[in-house]
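Here the structure comes first, spelled out in structure tokens, and everything after it is commentary.
No value in this document is a laboratory result; all are computed from the given coordinates. Everything quoted here is computed from the prediction, not taken from an experiment. Because the Cβ atoms are built from the backbone with ideal geometry, glycine has one as well, and the counts that use them run over all protein chains shown.
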Amino acid sequence: MLIGSTWLIMAQGEKEDHMAKSDFEWKKILTDEQYHILREKGTEQAFTGKYDKHYEKGEYVCAGCGEILYSSDTKYNSGCGWPAFSDGIDGKINETPDYSFGMVRTEITCANCGGHLGHVFNDGPQSTGIRHCVNSASLDFKAKKEK
Ligand SMILES: [Zn+2]
């Protein structure tokens, strides 16, 4: 599979201007890993992310800005080594063509802060046929409160 490889240095892309924060400010609030992935479009190593095998009920929010991006209801075990979702929350995730590394992929970013999440592929479960392949480091999990 195309996403089976890992890489450390992403091509120097154009800076996204719709984010309100400067790189300096992001570095203050994000861990080094989060900064690398969210702001430099990095990819964590497969099977290492904290949410790869994580199936509690709740919401996954953007690690950069706290916007709700995914519900645990759409999370499934794709076996690909990263958290996989069959769909995102409507309007919260932007999709952009990504031609880096000689591949044609669709990058997904947080619509609110522009943070890099991962990529979306057309090999998801039957319900939607799509797979959001997301870095754990791009997400924070908020457990559903018991009533
Ligand atoms: Zn965000």
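Brief remarks follow.
- For the residue pairs K21/K53; K28/K75; K50/K92; K75/K145; K21/K41, the alpha carbons lie more than 27 Å apart in K21/K53; K28/K75.
- Placing unit charges on each Cβ (+1 for Lys and Arg, -1 for Asp and Glu) gives segment 20-143 a dipole about its Cα centre, and among A20, G115, H36 the Cα reaching farthest toward its positive end belongs to H36.
- Here, segment 20-143 yields an orientationally averaged convex hull projection of 7.3 nm² when only Cα atoms define the hull.
- Residue order for W26, W82, fewest other beta carbons within 10 angstrom first, comes to W26, W82.
- Approximating the spin labels as points 7 Å out from Cα along Cα→Cβ, the A20-to-A143 distance works out to 3.1 nm.
- The charge dipole of the chain, taken about its Cα centre with unit charges on the Cβ atoms of Lys, Arg (+1), Asp and Glu (-1) only, comes to about 400 debye.
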